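Below: one structure, written as structure tokens.
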Amino acid sequence: MTSTMTTAPRRWVGFAGLVATAALVLTACAPPQAAEPEPDAGGGAEEGVSETLTVGYISPVTGNFAVAGQEMVDGWNLYWELNGNEVNGVTVETIVEDDAGNPEISLTKAAKLVEQDEVDVLVGPLLANTALAVAEYAASVGIPNLHPVAASDDLTQRNANDLTVRTGSMGGSQANYPGGEWAATDGGFGTAVTLCADYAFGWESCAGFVQGFQDNGGEVVEQLWFPNSTTDFSTYVSQIQAAGADMVYVATAGGAPGPNFLTSYLGLGLDMDRLLLNCCSADQGTLRAMGEQIVGLKSVSYWAEGRESDAVAELIEAYKEFSGGNVPGAYIAGGYITASLVASVLEEQGFVTGEELVAAITESTFEDNIFGSVSFDEYNNTVGPVYIREVVLREDGNLYNTPIATYEDVDQWFGQDPEEALGQPTYSQDFQG
Amino acid sequence: MFEPVFLAQQVLNGLSFGALLFLLASGLTLVFGLMKIVNMAHGAFYLLGGYIGVVIAGLTGNLLLAVITAVIVVAVTAFLVEVVLLRFVRGQELPEVLLTIGVSFVIADLCLAIFGGDPQNLPTSATIPGALMIGDLIYPWYRIFVIGVAIAIGIGLAFVQTKTRIGAIVRAGVDDREIISAMGVNIAWVFTGMFVVGAGLAALGGTIGSGMQSILPGVQNEVLLYALVVIIIGGLGSVTGAAVGSVLIGLIDAFAKAWIPELAYFTIFLPMALVLVLRPTGLFGRTA
């Protein structure tokens, strides 16, 4: 080191360089996830005629989205663990790859899975930008791409194709439109202020809520946007209070922003009954972090773990055993339902892949799976119920998002003509529909 | 946007966020001032302290006990890191920094394995309930309490630094390590002591801070970044600088996000860039 010879400003440059390097190291040094083929459930090989469906599963199991990414993988694995990974003579083999939430890594891993491991199906990844990148690549090489969690509207709108299907979630705007409708009608609110994450998912979620609210006579008085890196929400809560609207709608991408927002909001003594959150702000992670003080908190989502249904009860029971007592959130449900869709196609048709697999998935309809009554539209997007949920404390000591209102057969167009809707600009701070 | 209640609330928002930043940055700046180490494990000490604090507070409902336990556990961890690892690379800047990065990874991964990935907050039973009410102004007591803790720590550190023999040794160590060791002070143990105190402050920040914002994997990097920005603005090694930098960042962040939301991404970095351009040693830093 030559630092003793340099003048003060140059030391600063050296220091800044060191810090920058270190920060890079911190973000880039996530350990590569070793390929983990699912152990063979046994029996498959002995039948002689067995075939193997190899699944490449890309998820951010390290990095900032590690928890959601791991849950998405756990949901998938949970299904095969419960039901065995051999269906109708076809063995399902999964290779999990970590993309750390970075689209470049997602693409590299997708190419590795397709070229080296010769997978038949790609599942994932989780984040919108990574999902769009992988979907485009998968379509270009003719491999079907299933999306258990990714919410980006364009996966099944502007970028829709015969190989991409959203299996376990809904588009960002689609899942939140009923929230706006409910707030303006049953909720009885006339004006609203919104606080949404300042990137595609937040813009889409907010756009859904705003349109639902305005289409039913509500008025949005102010829209606030927070950077994803925000940890202290007090400054936004003060602005919400100053806006003086009847209600507040908040959309975050899950993780820390949910509890961090609630801590600030409740700390300032604001009324929880005037609050409506999106799916992920009130996911199980938030419920566990905040505890009983948020009993009664309302949110809108396509997933409701507190719904009375045999399918949901079965998943909850299985996941509790799997996780040591936790209740499954939306990411678990997404991974689980994706696995069950693949399994039911294999059950009916034996080994299929490519467009046939996607077509078979989208032809299926369900009277009551874990999400409720679900089917698919011609853009390969989920059409199904959206729930207005309320946090309820159950006898097992866990908090559940329990439906208080249900909007059935919600599609991604809010009554618009698809062609017309696709002609609009994509949602942003400036364009909310 | 300019009503008195809104302004007062925003000032308190800025001050309480700044108070948390000060708890983070003071330990880092003290360690840097004496040892010339940028302790990249500082964020991990915050994370570990936060988790331990949350667990103990959940078990006992007592915030003081939670803070004390967290500080002790993290201080012992830091002691081991200093004595077993850091001593062997003393004076070699790059190995020192890389070593602390490694320690940060190990601690963060152990935390993930032990405490899981869910965000965790101080249970409400252990925080200070209720809110201050003056007319229309409502403000949570807990955040006011955080401001109080930061002021107390700041005064305490200033007192020790200027009025005690330990403080004199530390200040002498900052100025000239060789002379102070020639005068019979075992500088190696002064270093160890300072490293442990710095980590203890991080643990205190972690526990107190988890009542304001969640502890979860990844927080260690955010916290480290904030602390670095604050001490770059304030001047490396200066406690006064850390205090001024924290309050400045806290207030700028609170008001800019309300008045100029387009700048929301730069509220932390713009002041740093300006300081680096106009006064590269930081507001209270000394030229080398």
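Surface composition of segment B:174-288: carbon and sulfur make up 71 percent of the accessible area, probe 1.4 Å. Reported to the nearest whole Å, the Cα centre-to-centre distance from segment B:1-61 to segment A:322-351 is 41. In order along segment B:83-97, the Karplus-derived 3J(HN,Hα) couplings, from 6.51 cos²θ - 1.76 cosθ + 1.60 at θ = phi - 60°, round to 6, 7, 10, 4, 4, 7, 10, 3, x, 9, 4, 5, x, 4, 5 Hz, and Gly and Pro are given as x.
Going by a ≥ b ≥ c, the root eigenvalues of the Cα gyration tensor, does segment B:196-288 fall in the rounded group (a/c under 1.5), the prolate group (a/b larger than b/c) or the oblate group?
Values: a/c = 2.09, a/b = 1.09, b/c = 1.91.
Because a/c hits 1.5 or more and a/b fails to exceed b/c, segment B:196-288 counts as oblate.
Take chain B with all the other protein chains still there, run a 1.4 Å probe, and you get 41 Å² of accessible area per residue. Our note on the geometry: Cα centres of segment A:201-250 and segment A:273-289, 15 Å apart.
For A:Asn369, the residues whose modelled amide H falls within less than 5 Å of its own, excluding neighbours fewer than 5 places apart on the same chain, are A:Val374. The equivalent ellipsoid of segment A:285-433 has semi-axes of 29, 24, 13 Å, largest first, where each one is the square root of 5 times an eigenvalue of the Cα gyration tensor.
Each residue of segment B:105-118 is assigned a 3J(HN,Hα), and the resulting list reads 4, 5, 5, 5, 5, 5, 4, 4, 5, 7, 9, x, x, 4 Hz, derived from the Karplus form 6.51 cos²θ - 1.76 cosθ + 1.60 (θ = phi - 60°), x at Gly and Pro.
Ignoring ligands, DNA and RNA and using a 1.4 Å probe, state the total buried accessible area between B and A in Å², rounded to the nearest 100.
Values: alone 13650 and 17990 Å², together 27700 Å².
The B and A chains share an interface burying roughly 3900 Å².
Could you rank the peptides A:409-418, B:238-247, A:260-269 by their average count of other C-beta atoms within 10 Å per residue, with the highest value first? Intermediate results must be reported in sequence, preceding the final value.
Numbers: A:409-418: 16.5, B:238-247: 24.8, A:260-269: 22.9.
Top of the packing list down: B:238-247, A:260-269, A:409-418.
Can you tell me the accessible area per residue over chain A, all protein chains present, probe 1.4 angstrom, in square angstrom?
Spelled out: the 1.4 Å probe surface of chain A, per residue, equals 37 Å².
What the phi angles of segment B:241-256 give under the Karplus curve with 6.51, -1.76 and 1.60, with θ = phi - 60°, is a coupling list of x, 4, 5, 5, x, 5, 5, 4, 4, x, 5, 4, 4, 5, 7, 5 Hz, glycine and proline written as x. Quick one: with all protein chains in place, what share of the accessible area of chain A is carbon or sulfur, to the nearest percent (1.4 Å probe)? Roughly 48 percent, rounded to a whole number.
For chain B, report the % of Cα-Cα distances exceeding 29 Å.
Numbers: 13760 of 41328 pairs.
Of the Cα pairs, 33 percent sit more than 29 Å apart.
Per-residue mean of foreign Cβ neighbours for B:114-120 is 6 (Cβ atoms of other chains, 10 Å radius). Percent of C-alpha pairs per 5 Å bin in segment A:66-148, short distances first: 3, 14, 25, 25, 18, 11, 3, 0.
What is the sum of charges, Lys and Arg at +1 and Asp and Glu at -1, for the other residues whose Cβ falls under 15 Å from the Cβ of B:Phe88? It works out to a net charge of -1. Since only A:Gly372, B:Ile68, B:Ala254 are under comparison, the one whose Cα sits farthest along the positive direction of the charge dipole of the protein assembly as shown, derived from C-beta charges on Lys, Arg, Asp and Glu, is B:Ile68.
Given contacts defined as C-alpha pairs under 8 Å and at least six residues apart, what's the relative contact order of chain A, whole-number percent? Can you show the working numbers first?
Working: 904 pairs, mean separation 70.4, N = 433.
With pairs under 8 Å counted, the relative contact order is 16 percent.
Per-residue mean of foreign Cβ neighbours for A:253-263 is 5 (Cβ atoms of other chains, 10 Å radius).
State the volume of the convex hull built on the alpha-carbon positions of segment A:216-297, expressed per residue in Å³ and rounded to an integer.
Details: hull volume 8.0 nm³, N = 82.
Per-residue hull volume (Cα only) is 98 Å³.
Packing-based ranking of B:266-279, A:133-146 yields A:133-146, B:266-279, ordered from highest to lowest mean Cβ neighbour count within 10 Å. Centre-to-centre separation between the Cα atoms of segment B:220-273 and those of segment B:173-195: 31 Å.
Taking a straight Cα-Cα cut-off under 29 Å and skipping sequence neighbours fewer than 8 places away in the same chain, the lysines within cross-link reach of A:Lys298 are A:Lys320, B:Lys257.
Just counting partner chain Cβ atoms within 10 Å, what average do the residues of peptide B:208-215 show around their Cβ? All intermediate terms of the calculation are to be shown ahead of the outcome.
Details: counts 0, 2, 1, 2, 8, 11, 13, 3.
Taking the mean over all residues of the peptide, I get 5.
Can you give me the Rg/Rh ratio for the protein assembly as shown, using Cα atoms for both radii and the Kirkwood formula for Rh?
Details: Rg = 26.7 Å, Rh = 26.9 Å.
Radius of gyration over Kirkwood radius for the protein assembly as shown works out to 1.00.
The values are calculated or read from the model by the stated rules, or taken from the named source; none is laboratory data. Since the structure is predicted, the reported quantities are computational estimates derived from the model, not experimental observations. Ideal geometry is used to build each Cβ from the backbone, glycine not excepted, and the neighbour counts take in all protein chains shown. With ligands, DNA and RNA removed, areas are computed over all heavy atoms of the protein, side chains included. Shrake-Rupley method; radii C 1.70, N 1.55, O 1.52, S 1.80 Å.
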